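The values are calculated or read from the model by the stated rules, or taken from the named source; none is laboratory data. In this text, all values refer to a predicted model and were calculated from it rather than measured experimentally. A quick note on method: Cβ atoms are made from the backbone with ideal geometry, for glycine too, and the neighbour counts reach across all protein chains shown. Only protein heavy atoms, including side chains, enter the accessible area calculation; ligands, DNA and RNA are left aside. Shrake-Rupley method; radii C 1.70, N 1.55, O 1.52, S 1.80 Å.
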Amino acid sequence: MSTDYRDFTIATIGSHSALQILRGAKDEGFRTLAICQEGRELPYKSYKVADEIISLGSLSDFPKIQDQLREKNAIVIPHGSFFGAMDLETMQQLKIMYYGNKNILPWEFDRTRQRSWLSRAGLHLPKIFESPEDIDRPVIIKFFGAGGGKGFFLARNPEEFKQKIAAHPGQSYVIQEYVIGAPVYIHYFYSSLTGELEIMSFDKRYESNVDAIGRVAAKDQLDLGLETSYNIMGNVPIVVRESLLPEMFQMGQAVIDASQQLEQHGLFGPFCLETIVTPDLKFSVFEISARIVAGTNPFINGTPYTWLRYNEPMSTGRRIAREIKHAITQEQLKKVLVNDHH
Ligand code: ATP
């Protein structure tokens, strides 16, 4: 395997966080490739982040271009849109250089396993109600594979739940305690080369219609019979109260430590804890994303936090490319490409 990073191409699907991944790779001196759904190439051309574009009639054809990817010595960076294009098994079967640890994926995808991972890390999680009869506080009902929180609804008791669930026949869901507080999504990066954990940035989401409901008076909200929905359309940067940082680092490290007990090599690279901070400043963690999240997109030019460590623009996308570059030059690629799934 070459120790010259210029012999490699950084590739990803043209969606989600591809702009910063590809731009970051270019900034680190890599060649770049975007794999786009036909008709959706323009942003990657216009922003000049892709040296090459492969267009597919359907993104589900991604496995068919594996030969091409191997010929280009492409290292593929996964992000949320991969999981819309392919199911978990297809992803795991790919015979290409995949950035990350494939063995962690099932721990993220299975909600029960994800909960046991986060509990093992000692994090506080919102309560799950196994039976609707037990609902004794505000809950949020989340549908599986909803994609951006579409259709999620709130209920306060079993009656309200039954009335509202009737509109969703046959859909599988989870009933989770609705935690009142401030949502904060924490963007981490853990280096499997140095064993160091960084916090890159924070965001909150901008969702339709829940973030617009406050724009109409409470009386109108009632008159209009509004139902909240959580369809994400963008992300808003946050800088956190500095005294919260020690606990945030500790939470990230606990997640990494727990992952290493679950699977060899554990979780590394970018990941995100999705939390609600309650009025007594306690974190309630409702989800983990074990890869780059779109909430890092506002920060292509870096964040106040990355500025403290790097005296140059450092997005999460660029941080990934830098890690891969170090891995290549130090002959440690195996440490960032854990593809031997069992
Ligand atoms: P993704 O899988 O992309 O992270 P999703 O579609 O599973 O998203 P969530 O992120 O779980 O959706 O939740 C959607 C919205 O509901 C977000 O605004 C989130 O802040 C809010 N939310 C989720 N769980 C809770 C909870 N337990 N208490 C309060 N708010 C919550």
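Could you list the trypsin sites (Lys or Arg not before Pro) in the range 210-246 that lie in coil according to DSSP, counting only those with at most 11 other Cβ atoms within 10 Å of their Cβ? Show your work: numbers first, answer last.
Working: sites: R215, K219, R241; in loops: R241.
When the trypsin sites (Lys or Arg not before Pro) of the range 210-246 are filtered for loop state and at most 11 Cβ neighbours within 10 Å, R241 remain.
Taking chymotrypsin sites (Phe, Trp or Tyr not before Pro) across the range 180-239, none is in a DSSP loop with at most 10 further Cβ atoms lying within 10 angstrom of its Cβ.
Helix-only estimate, please: 222 nm mean residue ellipticity of the chain, summing -39500 (n - 2.57) across DSSP H runs of length 4 or more and dividing by its residues, to the nearest 500. Roughly -8000 deg cm²/dmol at 222 nm, from the helical runs in the chain.
If you roll a 1.4 Å probe over the range 268-308 with all protein chains in place, what percent of the accessible area is carbon or sulfur? Provide the component values of the computation, followed by the final result.
On the way: 930 of 1500 Å².
Ligands and nucleic acids excluded, carbon and sulfur give 62 percent.
Considering only I180, I324, I77, the mean-square fluctuation computed in a Gaussian network model of the chain, springs between alpha carbons under 10 angstrom, is largest for I180.
Here the Kirkwood formula, the inverse mean of 1/r across different C-alpha pairs, assigns the range 128-177 a hydrodynamic radius of 10.8 Å.
Averaging the sequence gap over all C-alpha pairs within less than 8 Å and six or more residues apart, then dividing by the number of residues, gives the chain a relative contact order of 23 percent. Within the assembled protein chains, the solvent-accessible surface assigned to E133 is about 110 Å², based on a 1.4 Å probe. The residues of the chain expose on average 48 square angstrom of accessible surface per residue, using a 1.4 Å probe on protein heavy atoms.
Using only Cα atoms, figure out Rg for the range 180-248 and give it as a multiple of 2.2 N^0.38 Å. Provide the component values of the computation, followed by the final result.
On the way: Rg = 17.2 Å, N = 69, 2.2 N^0.38 = 11.0 Å.
Output field value: 1.57.
Once backbone amide H atoms are built at 1.01 Å from N, I35 has T12, I13, G14, I54 as its partners under 5 Å, excluding neighbours fewer than 5 places away on the same chain.
At 0.36 nm per residue, minus the direct Cα-Cα distance, what do F144 and E89 gain on full extension? Give it in nm, one decimal, please. Walk me through the numbers on the way to the answer.
Numbers: separation 55, 0.36 × 55 = 19.80 nm, distance 1.73 nm.
The span from F144 to E89 would gain 18.1 nm if fully extended.
If the segment from L193 to E133 were pulled out straight at 0.36 nm per residue, it would be longer than the present Cα-Cα gap by 16.7 nm. For the range 128-177, carbon and sulfur atoms together expose 51% of the accessible surface, with a 1.4 angstrom probe and every protein chain in place. Listed values for the range 31-44 are Karplus-derived 3J(HN,Hα) couplings in whole Hz (6.51 cos²θ - 1.76 cosθ + 1.60, θ = phi - 60°), namely 6, 10, 9, 10, 9, 10, 5, 3, x, 10, 8, 4, x, 6, and x replaces Gly and Pro. Springs between Cα atoms under 10 Å define the GNM used for the chain, and in it the highest mean-square fluctuation of G214, G295, G29 occurs at G214.
Computed over the alpha-carbon pairs of the chain, the distance histogram in 20 Å steps reads 29, 57, 14, 0 percent, short to long. Comparing N297, N235, N157 in a Gaussian network model of the chain (Cα springs below 10 Å), the most mobile by mean-square fluctuation is N157.
What nm distance separates the two modelled labels at R40 and K282, each placed 7 Å from Cα along Cα→Cβ? Result for the modelled spin labels: 4.0 nm.
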